[in-house]
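Throughout, read-outs are computed from the coordinates displayed, never taken from laboratory work. Everything numeric in this text was worked out from a predicted model, so none of it was measured. Ideal geometry is used to build each Cβ from the backbone, glycine not excepted, and the neighbour counts take in all protein chains shown.
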Amino acid sequence: MSDEVLLRATDVVKSFTSRGKKLGARSLNTAVNGVSLEVKRGETLGIVGESGCGKSTLARCLVQLIPVTSGSVEFNGVELVGLSRRELRPHRREMQLVFQDPYASLNPRRTVGDIVADPMRINKMAGEREILERVRDLFVTVGLDPASVHRYPHEFSGGQRQRIGIARSLSLNPSLVVADEPVSALDVSVQAQVLNLMADLQDQLHLTYLFIAHDLGVVRHVSDRVGVMYLGEIVELGDAEALYQAPMHPYTEALLSVVPELNDTDAPRRERILISGDVPDPSDRPTGCSFHPRCPAATDICQREAPAFVELKPGRFVACHHPRNVDE
């Protein structure tokens, strides 16, 4: 991992207009609320949080699949926000997605070889013979039989289909791969195989990953740094091991308290922290800190003022009026 910043997001906001509860009423749903982060070349940045916290929306904003409402997204030093589809095309070749559902993301009417070849055909990278050779090579790279390129998605297992999705994401030789919960739909044993494959590919191809998941155990083992997301905001960001050992935000602390520690029997057991209530409606956000209605450490200031996202230690950022473990 280098210190070069490949992707930089600054104050990214994404809002959607939806129908309100009253007839004819409209409400503003802010799915991503002022997110700032950097992804360094060669690293894996993990983004974790509960379902519905805005992780997938953020991912789609970063690769410009959906336009941001406001904010800045720079890739390789180029500002992407405001570019036309034609101007975005060369940058999109460098940014590819691996989707959560390995079956829904593959066209059941196309052969898997055609699915993997399509990005190369669209971008006119080579002739048909060269493309077919490249597809077969990619199948070998992701651990699939190259003779299976003429089969259809339903003829493969879930893990194999996700390998096909990974092969498609690699077809244009990208710098950045955004993996949107790539193993959540797979069995545990298959998850390990896919994660090991992604780690090997990162070493071989010098890839940079933005890895999105709700499973903190998975994110810990694949990420160099981790960002914790709540209600569209990054509330804590830092080195993966440091964050897991000494979480600073009460939300991070509560999430980690319920992660099984099967491989670390000598470590002290965390006291389980139960978060009361439900995630607030993004169209009716709480005043002050978004987490204060559910936070066991909330005080009056948490209700009045939104905490700043500040660096409390080198590389450790947190948005909290009452951070934990600051001296550890």
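What are the ³J(HN,Hα) couplings of the stretch 106-113, residue after residue, when phi is run through the Karplus curve with 6.51, -1.76, 1.60 and θ = phi - 60°? Round to Hz, x for glycine and proline.
Taking θ as phi minus 60°, the curve returns 10, 5, x, 9, 10, 6, 5, x Hz for the stretch 106-113.
Kindly provide the helix-only [θ] at 222 nm of the chain, computed as the sum of -39,500 (n - 2.57) over DSSP H runs of four or more divided by all residues, to the nearest 500 deg cm²/dmol?
-8500 deg cm²/dmol
Roughly how many nanometres apart are two label points built 7 Å out from the Cα toward the Cβ at residue 327 and residue 147?
6.7 nm
Does the stretch 104-149 come out rounded, prolate or oblate by the C-alpha gyration tensor, with a ≥ b ≥ c the root eigenvalues, rounded set by a/c under 1.5 and, if not, prolate when a/b is larger than b/c and oblate if not?
Note, shape of the stretch 104-149 comes out oblate.
What is the projected area of the convex hull of the Cα atoms of the stretch 134-211, averaged over all directions, in nm²?
4.9 nm²
How about the stretch 176-261: which GluC sites (Glu not before Pro) there are in a DSSP loop, with at most 14 other Cβ atoms within 10 Å of their Cβ?
Here the GluC sites (Glu not before Pro) that fit, given the DSSP loop and packing criteria, are 261.
If Lys and Arg each add +1 and Asp and Glu each add -1, what is the summed charge of the other residues whose beta carbon sits under 10 Å from the beta carbon of residue 9?
For residues surrounding residue 9, the net value is -2.
Take residue 189 and residue 109, extend 7 Å from each Cα along the Cα→Cβ direction, and tell me the distance between the two endpoints in nm.
Each label point is offset 7 Å from its Cα along the Cβ direction, giving 3.7 nm.
Running a GNM on the chain with Cα contacts under 10 Å, which residue among 201, 274, 243 ends up with the highest mean-square fluctuation?
Its mean-square fluctuation being the largest, the pick is 274.
Viscosity 0.692 mPa s, temperature 37 °C: Stokes-Einstein D of the chain from its Kirkwood Cα radius, in µm² per second?
My calculation gives 155 µm²/s for D.
What translational D, rounded to a whole number of µm²/s, comes out for the stretch 51-164 from Stokes-Einstein when the hydrodynamic radius is the Kirkwood one over Cα pairs, at 37 °C and 0.692 mPa s?
205 µm²/s
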